[in-house]
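Participant: Shown below is the structure under consideration.
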Amino acid sequence: MPATHDLRPAGDVPPPTPPWPRMARITWRPTLPLGWLAVTTKPAKGSPPVLRLFRAVAIAEACSWVGLLAGMYVKYIAQAGELGVKIFGPVHGGLFLLYLLAVLLLARQEGWSRGTTALGLACSVPPLATVWFERRQQRRRTASPQPATPVTTTGSRR
């Protein structure tokens with residue numbers, strides 16, 4: 001008799017493929033206590049979507065840092081107005097949070113160590129460090145190519 005929290009169909013039938021193959025799928029892991037939701041991604045052509053998101057957000061976050069620093073210079077040093085801070089402040093804040101999310105998602109997908117994940121999160125604070133971290137991870141990925149394997153459900157049937 002299947003467990004009450006097992007959402008997979010009975011028998012050896014694979015789960016249905018969602019109509020949105022490039023988006024993330026949420027799957028159920030019945031082997032862990034209370035069930036655990038895991039995000040899995042299907043790699044698209046070229047690099048996986050989370051990797052592309054990480055690269056784009058890392059560069060955009062660094063550019064917003066530059067804009068915010070220029071706005072702070074104009075506001076506090078040149079004392080010519082605060083328009084730059086009003087524009088780049090919220091933009092940088094949103095990209096900052098998006099970068100943190102992208103680091104956590106990519107760390108899970110790529111199997112980074114806690115130290116590498118902590119370094120990636122810490123690189124969101126100094127200006128332009130996100131680009132350095134992205135380039136560092138890209139060098140490591142090309143030095144030892146490993147196919148990105150999505151997280152899959154491996155529960156035992158009862």
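Participant: Computed FRET efficiency, Cβ-Cβ of Gln138 and Met72, R0 35 Å: what is it to the nearest 0.05? Present the calculation step by step, with values, prior to reporting the outcome.
Facilitator: Numbers: r = 30 Å, r/R0 = 0.85.
Working from the Cβ atoms, E equals 0.70.
Participant: Taking R0 as 25 Å, what's the FRET efficiency between Ile87 and Arg52 from their Cβ-Cβ distance, rounded to 0.05?
Facilitator: On the way: r = 26 Å, r/R0 = 1.05.
Working from the Cβ atoms, E equals 0.45.
Read the figures in this text as sums done on the coordinates, not as results from a lab. For clarity, every value in this text was computed on a predicted model and none was experimentally measured. A quick note on method: Cβ atoms are made from the backbone with ideal geometry, for glycine too, and the neighbour counts reach across all protein chains shown.
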